[in-house]
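Peer 1: This structure is in C-alpha cells; I'll ask about it shortly.
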Amino acid sequence: MSVDITPEGFADDGSYNLRLYVAGQTPKSLLAISNLKKLCEEHLAGRYRIEVVDLLVTPQLAAGDQIVALPTLIRTLPPPLKRVIGDLSNTEKVLVGLDIRRRDNL
Amino acid sequence: MDRSFSPPLSQAHFDDLLERLREAEETLDAIRHGEVDAVVVGGSSGQKVYTLENADRPYRVIIEQMREGAVTLSADGTILYCNERFADILGHARESLIGREVLHFVAPADTPVFAELMAHGPASGRSAELSLINADSVGVPVNFSVVDLDMGQDSARLLCGVVTDLTRSRQRSHELAAANARLAAEIDVRRRAEESLEVALDAAGMGGWDLDLAQGLIHGSKRFDEIFGREGTPGPWLVGELLARFLPEDRPAVQAGFEAARRVGSIEFELRIERLADGARRWIHVKGRVHRQQGRNGRLAGVVSDVTTRRMTEQQLRQAQKMEAIGQLTGGIAHDFNNLLMVIGGSMDMLEEHMPGDERSRRYFAAARQGVERGALLNRQLLAFSRRQDLRQEAVCIDDRVHSFQGLLERALGETITLQLVEPEARWLCTTDPHQLETAILNLAINARDAMPNGGTVSISTRRVVVDSERAQSVGAAAGNYVAVSIADTGEGMTPDVASKVFEPFFTTKAVGKGTGLGLSQVYGFVRQSDGFITIDSTPGQGTTMTLHFPLTDDPEQARAKDDAAVTLRGTGSVLVVEDDASVRDIAVRSLGDLGYTVFEASHAQSALDVVASGVGIDLVFSDVIMPGDIGGMELVQRLRRSHPAMALLLTSGYTGQAMADQPRPADVQLLAKPYTRATLSAAVDAALEKARARLRDPGKPGV
C-alpha cells in the first residue's frame, strides 16, 4: 500500500518523486512523515511528489528498493536513485542526500 | 546486478560501488544512531518488518491508559506482563506480579471456570466472569477475556488477557435492584392503601367510582356495580349506560350535575335509579370531585351510596313530626271545647229542674244531652290522640285483658267474622293504661271488621320484640324490649298512600256518618303516650296487620282502683269555687248551690287565698288546674294543704298532661275531669269532704 501525498497542481517537469518507507506508526515513522512534509514545502515547493509505503501492511514491497531499515526515503526521480535512512530530522543531511544542496561538507 | 569480481574495474563501476558503500555506511550509521526503529528481515517466508524496542510505545500507552487490566500469560498461566490497572485490581505492586501464576489470585470457587478459560480453545477470544482475590483478601468480580497470541508454529503458546473490574457495575446492578425493590414496596403500599380504601368504603356501604371525561367511561368498584344492580359483567360503564339507570324525570338533574362539575370542580346529588337486577327504585347519593390533570379537567372521582333506607326513615320522621304538630293543635282545641261542653252540660242540668215534664220537651232535652255526651267522647278521643289525656299507667298483661273482653270483641265483630286468639309463649307485662288498651284493641278490631264486609278472620297475637337503636330511631321510640300485640285481618288491605294517613285525625275511608275518623288517631295518641309505637303491615288484597308496641316491664304493679259515681249525692258545707272561665264558674256555683252547698267563688288563685284568709270558714276548695296569673291550681292546693290541713281539696281540668308533668298533684287530691256532670261533681265533692273528715278522725294517717 502506498499513499500519495503530493500537493495539487504538481507539474512533471524535472521535479522530485519521493517514496518514504515506514513501519506502521512507529515514532520514527511518524516523525519521518512529518519532517519530510515540512522539508519539501520549504525547499521544493510545487515540485515534489511523495508516496508513503507502510511495510507493516505490505512487507513484500521492501524487496524492490532493497529496504533494510525503516524509515527510509528514496528519491526515484530525478535519477539516479538516492536513499536517506532515518527519521529525516537532520534537514541538512537530507538536503545533501537528495542532491538538493551540494555535498560540501562530505 | 553482477557482484563478482572481474578486473579491471571501470570508473562507472567504481563509482557505483562507492555509492553503494556510502549507502551501506549511512544505513549502519542511521541504525547505530537510532534514527530508525524498524528493520526489514528477509526469510524463507518472505520479507518481515520488525519494529525495534519502544516502537510499540503508542500501543503501550494505550494499554497502560485503559481502564481494563491487561495481562500476557504463558500457557501455564504465568504472568509475563501486566499493565498498571491489572496490578491495581489485585492491589499488588506490578513488579511483584510478573512471574507469578495468575491462578494464585483466582477465587478457589472459580478455579474450574478459570481452567476452562485457559484451556486451548478456538483462536477467537473467550471470556468468563469470575472473582479475583485482592491483597486485602477481598473478592473482586471481573470479566476475564483471553485470546491466543499467534507467535508462529515454533514459538511457545502465549495468551493475552483483558480483565474488566465489575465491582462498579455490580454495585450499580445492586443499586438498581434495590431501587426496584423500593419501587415494588411502594407499589405494594399503594395497592394496600387502595385495597383498604375499598374495604373502608365497602364497610360504609359506599361504592367508589372514577369518570374519565375524555373517554366517557366510568370505572366503579364492586359495590358500585351492586348499587346499580349490575351482575356478572365487570368492566367500566359507558356514561350513557349509567344515565339510563336514572328515572327519566331525574336524568336532566344528573346531566346538569355533571355539566356543573366541570365548572365548579365538584358534584353532589341525591336522585332515584331503577336497579338493573330487580328493577327496584332506589335513592342514591352521589358525591365526587374533579381531578385536575395538567390544568385540564381530566377525571371525576367519588363515592356513591344507596340512601333509600335513610330517605324512608326521614319520611317516617316527617310523618311523626306532622302527627306531633297536629296533636298539639288538637289538644289546644279540645281544652277550649271542654269548657264549652261544660257550660252547655251544666246549663242543661240546671234547666232540667225548671223544665216542663211533657214527653216532647224531655225528648228534646235527652237529645241535647246525648249531643253533649257525644261531644265529650269525641273530645276525649282528641285528647287521647294529642296525648293530653291522663293515662293510668300500670303493668298490664295484654293477653289477660284480651281474654277478659273476648265476649265483647266477638259481639262487636259479628257472626261473619271469626276471632282467633293466638296463645302467646309467655304472659308478658307492659306498662300502659288497661282501659285505653281495651278501647284501642276494640277500635282496631272494628276497623278490621269493616275491612272484611264479606267475612274473614281477625287474629290477635302478642309476642316479645327487641328494638335496636337503628330501628328505634326510625319508629321514634326508645330502644329496648317491647310487647307487641298484632291485630290482623284478612280483608282488603291498604295502599301505602292510605296507610300513611290512617292516624291523621278525621281521616276516614268509611262512608259519611259511619266513623268519626278519630278512632285510629286516638289509638296512635294512646300508644305514643305509653312510650310505644305502631306499625302497619298492609298489602292491598291481602289484609292488614296493625301492631301496637308497648314497653315491656317485669314489675307487676297493682292497678289503681277507680272511682265512678252514677248518682247525685247532696251534701252540706261551704265550697269555694276557683275558676277563671266565668261561664264554667257560674255552672259550678249553681250546681253546687243546687246540691245544698253554700258556695263562694273566686276568679283566680290569689283571690281564692284572700277568701280563705278572710276566715269565712271554707270546708272545700274546688279549683281549676290551669288558670292565668302567678299561681296555678296545683300550687294553690299545695299552699292550702300546708296552711289549712283540715280543708278538703278538689281539682278539675280539661286536660292536665302538661300541668301534671310540671307539678305532681298531691296524692290525696282528686282530679275531676271536664266536662263533668252534676252527678260526677256531687260524687267527687262528697268524696273529698269525706276524705277530709277521715283525716280529722285519724290525723296520723297521711292521705287516704
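The values are calculated or read from the model by the stated rules, or taken from the named source; none is laboratory data. No experiment lies behind these values; they were computed from the predicted model shown. A quick note on method: Cβ atoms are made from the backbone with ideal geometry, for glycine too, and the neighbour counts reach across all protein chains shown.
Peer 1: Give the residues of region A:46-62 that are of a type in the set (A, V, I, L, M, F, W, C) and more than 10 Å from every other protein chain (Cβ to nearest Cβ), sorted by residue number.
Peer 2: Correct list: A:Ile50, A:Val52, A:Val53.
Peer 1: Determine whether region B:181-199 contains at least one residue that is touching a strand residue (DSSP E or B) at 6+ places or on another chain (Cβ under 9 Å) and surrounded by 10 or more Cβ atoms within 10 Å (Cβ to Cβ). It would help to see each step written out before you state the result.
Peer 2: Just the residues of region B:181-199 that are touching a strand residue (DSSP E or B) at 6+ places or on another chain (Cβ under 9 Å), to begin with: B:197-198.
Going one step further and asking which of them are surrounded by 10 or more Cβ atoms within 10 Å (Cβ to Cβ), we end up with B:197-198.
Yes.
Peer 1: When you go through (1) within 10 Å of another protein chain (Cβ to nearest Cβ); (2) without any contact (Cβ under 8 Å) to a residue 24 or more places away in the chain; (3) not small (Gly, Ala, Ser) one by one for A:Pro79, which number turns out not to apply?
Peer 2: Checking A:Pro79 against (1) within 10 Å of another protein chain (Cβ to nearest Cβ); (2) without any contact (Cβ under 8 Å) to a residue 24 or more places away in the chain; (3) not small (Gly, Ala, Ser), the one that fails is (1).
Peer 1: Another question, then. What strands (runs of 3 or more DSSP E) lie completely within region B:24-101 and have 1 or more residues being at the interface with chain A (Cβ under 9 Å from one of its Cβ atoms) and in contact with a strand residue (DSSP E or B) (Cβ under 8 Å, 6 or more places away or on another chain)?
Peer 2: Working: elements: B:38-43, B:46-51, B:69-74, B:79-82.
By residue number, B:38-43, B:46-51.
Peer 1: Could you list, in sequence order, all residues of region A:77-106 that are modelled with pLDDT of 85 or more, in contact with a strand residue (DSSP E or B) (Cβ under 6 Å, 6 or more places away or on another chain) and within 16 Å of A:Ile33 (Cα to Cα)?
Peer 2: Scanning region A:77-106 gives A:Arg83, A:Val84, A:Ile85, A:Val94.
Peer 1: If you don't mind, another one. Please count how many residues of region B:354-369 are outside any helix (DSSP H, G or I) and under 18 Å from B:Val343 (Cβ atoms).
Peer 2: Number of matching residues: 2.
Peer 1: Could you check, for region B:336-352, whether at least one of its residues is more than 23 Å from the chain's Cα centre (by Cα), surrounded by 13 or more Cβ atoms within 10 Å (Cβ to Cβ) and within 30 Å of B:Phe533 (Cα to Cα)?
Peer 2: Checked region B:336-352: at least one residue is more than 23 Å from the chain's Cα centre (by Cα), surrounded by 13 or more Cβ atoms within 10 Å (Cβ to Cβ) and within 30 Å of B:Phe533 (Cα to Cα).
Peer 1: Conditions first: (1) touching a residue at least 12 places away in the same chain (Cβ under 8 Å); (2) in contact with a strand residue (DSSP E or B) (Cβ under 8 Å, 6 or more places away or on another chain). B:Glu410 passes all but one, so which condition is the exception?
Peer 2: B:Glu410 satisfies every listed condition except (1).
Peer 1: Right, something else. Being in a helix (DSSP H, G or I), of a type in the set (D, E, K, R) and either at pLDDT 85 or above or closer than 30 Å to B:Gln370 by Cβ (or both): is that true of B:Arg642 here?
Peer 2: Answer is yes for this residue.
Peer 1: Consider B:Asp76 against the criteria (1) modelled with pLDDT of 90 or more; (2) within 16 Å of B:Asp148 (Cβ to Cβ); (3) acidic (Asp, Glu): it satisfies all of them except one. Which criterion is unmet?
Peer 2: Every listed condition holds for B:Asp76 apart from (1).
Peer 1: Being in a loop (DSSP other than H, G, I, E, B) and either out of contact with any helix residue (DSSP H, G or I) (no Cβ under 9 Å at 6 or more places or on another chain) or at pLDDT below 80 (or both) is the filter; apply it to region B:462-489 and report the residue that is surrounded by the fewest Cβ atoms within 10 Å (Cβ to Cβ). Reasoning before the result, please.
Peer 2: Residues of region B:462-489 in a loop (DSSP other than H, G, I, E, B): B:468, B:476-479, B:489.
In the following step, the residues that additionally are either out of contact with any helix residue (DSSP H, G or I) (no Cβ under 9 Å at 6 or more places or on another chain) or at pLDDT below 80 (or both) were identified as B:468, B:476.
Numbers: B:Asp468: 9, B:Gly476: 16.
The selected residue is B:Asp468.
Peer 1: Being more than 9 Å from chain B (Cβ to nearest Cβ) and out of contact with any Ser or Thr (no Cβ under 8 Å at 6 or more places or on another chain) is true for just one of A:Asp99, A:Asp65. Which residue is that?
Peer 2: The unique qualifying residue is A:Asp99.
Peer 1: Determine whether B:Glu64 is modelled with pLDDT of 85 or more, closer than 22 Å to B:Leu149 by Cβ and in contact with a helix residue (DSSP H, G or I) (Cβ under 7 Å, 6 or more places away or on another chain).
Peer 2: no
Peer 1: Now for a separate question. Only one residue in B:Leu18, B:Leu9 is more than 9 Å from chain A (Cβ to nearest Cβ), of a type in the set (A, V, I, L, M, F, W, C) and assigned to a loop (DSSP other than H, G, I, E, B), so which one is that?
Peer 2: After ruling out the rest, the residue left standing is B:Leu9.
Peer 1: OK, next. Taking region B:275-330 on its own, how many of its residues are of a type in the set (A, V, I, L, M), at pLDDT 85 or above, surrounded by 15 or more Cβ atoms within 10 Å (Cβ to Cβ) and not in a strand (DSSP E or B)?
Peer 2: The qualifying residues number 2.
Peer 1: Hey, could you check region B:221-264 for residues that are touching a residue at least 40 places away in the same chain (Cβ under 8 Å) and under 27 Å from the mean Cα position of the chain (by Cα) and say which is surrounded by the fewest Cβ atoms within 10 Å (Cβ to Cβ)?
Peer 2: So, considering only residues that are touching a residue at least 40 places away in the same chain (Cβ under 8 Å) and under 27 Å from the mean Cα position of the chain (by Cα), the one surrounded by the fewest Cβ atoms within 10 Å (Cβ to Cβ) is B:Glu231.
Peer 1: Looking at B:Ala179, B:Ala214 in this structure, which one is on the phi < 0 side of the Ramachandran plot and either in contact with a Pro (Cβ under 7 Å, 6 or more places away or on another chain) or not assigned by TED's automatic domain parsing to the domain that holds B:Ile273 (or both)?
Peer 2: Checking each option against the conditions leaves just B:Ala179.
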